[in-house]
Amino acid sequence: MTSLSLPVGAERVADLYSVTVPVEDQGKSALKSGVREAFAQVLLKVTGRKDVMSKPEVIAAQSRASSYVLQYSYSTVTLTGQKKQTEKRLNVDFQHKAIQALLRQAQLPMWTANRPNVLIWLVVDDTRHRQLMGAETLPDMQEASRTRARLRGLPLSIPLLDLEDNRALPVDDVWGFNSSLIESASLRYNSDAVLVGRVVITST
(Lines give C-alpha, C1' and ligand atoms only; values in the text may rest on other atoms or scores of the structure.)
Protein backbone atom coordinates (compact mmCIF):
# COMPACT_ATOMS: atom_id res chain seq x y z
CA MET A 1 0.00 0.00 0.00
CA THR A 2 1.18 3.52 -0.84
CA SER A 3 -0.42 6.82 0.12
CA LEU A 4 -0.55 10.28 -1.39
CA SER A 5 -1.75 13.51 0.23
CA LEU A 6 -3.98 16.09 -1.39
CA PRO A 7 -4.59 19.66 -0.14
CA VAL A 8 -8.27 19.35 0.88
CA GLY A 9 -10.15 19.88 4.17
CA ALA A 10 -11.01 17.11 6.63
CA GLU A 11 -14.36 15.41 7.28
CA ARG A 12 -16.04 15.18 10.69
CA VAL A 13 -16.74 11.67 11.98
CA ALA A 14 -19.85 11.47 14.16
CA ASP A 15 -19.63 7.95 15.66
CA LEU A 16 -16.16 7.75 17.18
CA TYR A 17 -17.45 6.37 20.47
CA SER A 18 -19.82 3.81 18.96
CA VAL A 19 -18.72 0.31 17.95
CA THR A 20 -20.49 -2.74 16.54
CA VAL A 21 -19.05 -6.23 17.02
CA PRO A 22 -20.38 -9.71 16.14
CA VAL A 23 -21.59 -11.91 19.03
CA GLU A 24 -22.80 -15.50 19.23
CA ASP A 25 -25.91 -14.74 21.27
CA GLN A 26 -27.38 -12.36 23.85
CA GLY A 27 -26.08 -14.28 26.85
CA LYS A 28 -24.02 -12.73 29.65
CA SER A 29 -20.76 -14.34 28.52
CA ALA A 30 -21.13 -13.12 24.93
CA LEU A 31 -22.07 -9.66 26.19
CA LYS A 32 -19.00 -9.46 28.41
CA SER A 33 -16.57 -10.55 25.67
CA GLY A 34 -18.33 -8.34 23.11
CA VAL A 35 -18.03 -5.25 25.31
CA ARG A 36 -14.32 -5.96 25.86
CA GLU A 37 -13.78 -6.26 22.10
CA ALA A 38 -15.78 -3.09 21.47
CA PHE A 39 -13.73 -1.32 24.15
CA ALA A 40 -10.50 -2.19 22.34
CA GLN A 41 -11.94 -1.03 19.03
CA VAL A 42 -13.16 2.32 20.35
CA LEU A 43 -9.72 3.07 21.79
CA LEU A 44 -8.14 2.24 18.44
CA LYS A 45 -10.58 4.61 16.70
CA VAL A 46 -10.00 7.45 19.15
CA THR A 47 -6.20 7.19 19.33
CA GLY A 48 -5.27 5.72 15.95
CA ARG A 49 -2.61 3.63 17.69
CA LYS A 50 -2.28 -0.13 17.22
CA ASP A 51 -0.40 -0.47 20.52
CA VAL A 52 -3.10 1.21 22.61
CA MET A 53 -4.06 -2.05 24.34
CA SER A 54 -0.49 -2.62 25.55
CA LYS A 55 -0.59 0.24 28.06
CA PRO A 56 -0.95 -0.93 31.72
CA GLU A 57 -3.72 1.59 32.45
CA VAL A 58 -5.68 0.40 29.43
CA ILE A 59 -5.17 -3.28 30.24
CA ALA A 60 -6.55 -2.67 33.73
CA ALA A 61 -9.48 -0.67 32.37
CA GLN A 62 -10.47 -3.38 29.90
CA SER A 63 -11.26 -5.72 32.79
CA ARG A 64 -14.00 -3.27 33.79
CA ALA A 65 -14.95 -2.24 30.25
CA SER A 66 -18.66 -2.34 31.06
CA SER A 67 -18.23 0.68 33.36
CA TYR A 68 -17.39 2.79 30.28
CA VAL A 69 -20.57 1.81 28.44
CA LEU A 70 -23.29 4.40 27.96
CA GLN A 71 -25.78 2.03 26.31
CA TYR A 72 -25.91 -1.10 24.17
CA SER A 73 -28.33 -2.90 21.88
CA TYR A 74 -28.46 -5.91 19.57
CA SER A 75 -29.15 -6.18 15.86
CA THR A 76 -29.23 -8.92 13.25
CA VAL A 77 -27.82 -8.40 9.76
CA THR A 78 -27.96 -10.50 6.61
CA LEU A 79 -24.52 -11.24 5.19
CA THR A 80 -23.86 -11.05 1.48
CA GLY A 81 -22.64 -14.12 -0.37
CA GLN A 82 -23.83 -17.19 -2.19
CA LYS A 83 -25.62 -18.48 0.90
CA LYS A 84 -27.78 -16.06 2.85
CA GLN A 85 -26.59 -16.04 6.44
CA THR A 86 -27.40 -13.81 9.37
CA GLU A 87 -25.11 -12.46 12.04
CA LYS A 88 -26.04 -11.13 15.45
CA ARG A 89 -24.24 -7.95 16.43
CA LEU A 90 -23.73 -5.98 19.61
CA ASN A 91 -23.90 -2.20 19.23
CA VAL A 92 -22.11 -0.35 22.02
CA ASP A 93 -22.04 3.39 22.75
CA PHE A 94 -19.29 4.44 25.15
CA GLN A 95 -19.12 7.44 27.49
CA HIS A 96 -16.77 9.77 25.65
CA LYS A 97 -15.71 11.72 28.75
CA ALA A 98 -14.77 8.52 30.59
CA ILE A 99 -12.78 7.23 27.59
CA GLN A 100 -11.00 10.57 27.26
CA ALA A 101 -10.13 10.57 30.97
CA LEU A 102 -8.63 7.09 30.64
CA LEU A 103 -6.51 8.15 27.66
CA ARG A 104 -5.24 11.21 29.52
CA GLN A 105 -4.33 9.00 32.48
CA ALA A 106 -2.45 6.65 30.15
CA GLN A 107 -0.81 9.66 28.45
CA LEU A 108 -2.13 8.59 25.07
CA PRO A 109 -2.98 11.00 22.24
CA MET A 110 -6.54 11.56 21.12
CA TRP A 111 -7.35 11.96 17.45
CA THR A 112 -10.02 14.58 16.88
CA ALA A 113 -13.28 13.86 15.07
CA ASN A 114 -11.97 15.74 12.02
CA ARG A 115 -10.54 12.91 9.96
CA PRO A 116 -9.07 12.81 6.46
CA ASN A 117 -11.31 11.36 3.77
CA VAL A 118 -9.29 8.62 2.06
CA LEU A 119 -9.79 7.68 -1.58
CA ILE A 120 -8.64 4.13 -2.34
CA TRP A 121 -7.40 2.85 -5.69
CA LEU A 122 -7.04 -0.91 -5.28
CA VAL A 123 -5.97 -3.34 -8.01
CA VAL A 124 -6.68 -7.04 -7.63
CA ASP A 125 -4.63 -9.52 -9.70
CA ASP A 126 -6.06 -13.06 -9.72
CA THR A 127 -3.29 -14.32 -12.09
CA ARG A 128 -5.74 -14.15 -15.03
CA HIS A 129 -6.35 -10.42 -15.18
CA ARG A 130 -6.13 -7.24 -13.14
CA GLN A 131 -9.21 -5.38 -11.98
CA LEU A 132 -9.73 -2.10 -10.15
CA MET A 133 -12.07 -1.99 -7.19
CA GLY A 134 -14.89 0.44 -7.89
CA ALA A 135 -18.44 1.27 -6.88
CA GLU A 136 -19.80 -1.69 -8.89
CA THR A 137 -16.86 -4.09 -8.79
CA LEU A 138 -15.22 -6.44 -6.27
CA PRO A 139 -17.88 -6.19 -3.53
CA ASP A 140 -15.95 -8.46 -1.14
CA MET A 141 -12.88 -6.21 -1.36
CA GLN A 142 -15.12 -3.18 -0.90
CA GLU A 143 -16.56 -4.60 2.32
CA ALA A 144 -13.11 -5.57 3.62
CA SER A 145 -11.77 -2.08 2.87
CA ARG A 146 -14.74 -0.36 4.52
CA THR A 147 -14.42 -2.60 7.57
CA ARG A 148 -10.75 -1.70 8.01
CA ALA A 149 -11.56 2.00 7.58
CA ARG A 150 -14.34 1.82 10.18
CA LEU A 151 -11.93 0.29 12.69
CA ARG A 152 -9.81 3.44 12.40
CA GLY A 153 -12.73 5.85 12.16
CA LEU A 154 -11.69 6.93 8.68
CA PRO A 155 -14.12 8.10 5.98
CA LEU A 156 -13.44 6.04 2.86
CA SER A 157 -14.22 6.87 -0.76
CA ILE A 158 -14.25 4.27 -3.53
CA PRO A 159 -13.91 5.47 -7.14
CA LEU A 160 -16.86 5.23 -9.51
CA LEU A 161 -14.79 3.65 -12.27
CA ASP A 162 -17.01 5.32 -14.84
CA LEU A 163 -15.93 6.37 -18.32
CA GLU A 164 -14.05 9.38 -16.96
CA ASP A 165 -12.03 7.25 -14.51
CA ASN A 166 -11.30 4.57 -17.10
CA ARG A 167 -9.97 7.13 -19.55
CA ALA A 168 -7.93 9.02 -16.97
CA LEU A 169 -6.41 6.08 -15.11
CA PRO A 170 -5.89 2.67 -16.75
CA VAL A 171 -5.55 -0.23 -14.35
CA ASP A 172 -1.91 -0.87 -15.28
CA ASP A 173 -0.99 2.69 -14.28
CA VAL A 174 -2.44 2.08 -10.83
CA TRP A 175 -0.57 -1.21 -10.60
CA GLY A 176 2.65 0.52 -11.60
CA PHE A 177 1.95 3.44 -9.25
CA ASN A 178 1.96 6.20 -11.84
CA SER A 179 1.72 8.96 -9.23
CA SER A 180 1.04 11.82 -11.64
CA LEU A 181 -1.91 10.06 -13.30
CA ILE A 182 -3.25 8.85 -9.94
CA GLU A 183 -3.16 12.36 -8.46
CA SER A 184 -4.80 13.83 -11.54
CA ALA A 185 -7.61 11.24 -11.60
CA SER A 186 -8.18 11.66 -7.85
CA LEU A 187 -8.86 15.39 -7.95
CA ARG A 188 -12.53 14.93 -8.92
CA TYR A 189 -13.20 13.15 -5.60
CA ASN A 190 -11.99 15.99 -3.34
CA SER A 191 -10.35 13.56 -0.92
CA ASP A 192 -7.72 14.50 1.66
CA ALA A 193 -5.52 11.48 0.96
CA VAL A 194 -5.17 8.75 -1.63
CA LEU A 195 -4.35 5.14 -0.80
CA VAL A 196 -3.02 2.95 -3.61
CA GLY A 197 -2.80 -0.79 -3.17
CA ARG A 198 -2.18 -4.07 -5.00
CA VAL A 199 -3.64 -7.44 -4.07
CA VAL A 200 -2.44 -10.68 -5.63
CA ILE A 201 -4.71 -13.72 -5.31
CA THR A 202 -2.67 -16.86 -5.82
CA SER A 203 -5.46 -19.41 -5.19
CA THR A 204 -9.26 -19.47 -4.80
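The values are calculated or read from the model by the stated rules, or taken from the named source; none is laboratory data. Note that this is a predicted model, so its numbers are computed, not measured. Please note: Cβ atoms are built from the backbone with ideal geometry, for glycine as well, and neighbour counts cover all protein chains shown. Side chains included, ligands, DNA and RNA excluded: accessible areas come from the protein's heavy atoms. Shrake-Rupley method; radii C 1.70, N 1.55, O 1.52, S 1.80 Å.
Some values worked out for this structure:
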quantity	calculated
Flag if Arg130 is open to solvent by 70 Å² or more (accessible area, probe 1.4 Å), closer than 28 Å to Met53 by Cα and of a type in the set (Lys, Arg)	no
Search result, residues across segment 161-196 that are open to solvent by 30 Å² or more (accessible area, probe 1.4 Å) and touching a residue at least 40 places away in the same chain (Cβ under 8 Å)	Val171, Asp172, Trp175, Phe177, Ser179, Glu183, Leu187, Tyr189, Asn190, Leu195
Any hit, segment 150-160, residues being open to solvent by less than 70 Å² (accessible area, probe 1.4 Å), of a type in the set (Val, Ile, Thr) and either closer than 28 Å to Lys50 by Cα or touching a residue at least 60 places away in the same chain (Cβ under 8 Å) (or both)	yes
Near pairs, Cβ below 6 angstrom, 6+ apart or cross-chain, from segment 102-122 (aromatic (Phe, Trp, Tyr)) to any residue that is in a loop (DSSP other than H, G, I, E, B)	Trp111/Gly48
Any hit, segment 135-149, residues being crowded, with 17+ Cβ neighbours inside 10 Å, touching a Leu at 6+ places or on another chain (Cβ under 9 Å) and part of a strand (DSSP E or B)	no
Filter result for the condition that a residue is buried (at least 17 other Cβ atoms within 10 Å of the Cβ) and β-branched (Val, Ile, Thr), over Val123, Val199	Val123
Residue match in segment 157-173 (condition: part of a helix (DSSP H, G or I) and of a type in the set (Val, Ile, Thr))	yes
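Conditions (1) at pLDDT below 95; (2) closer than 29 Å to Val19 by Cβ; (3) hydroxyl-bearing (Ser, Thr, Tyr), marked per residue:
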| site | (1), (2), (3) |
| --- | --- |
| Arg128 | yes, no, no |
| Asp173 | no, no, no |
| Ser191 | yes, yes, yes |
| Leu195 | no, yes, no |
| Arg198 | no, no, no |
| Thr202 | yes, no, yes |
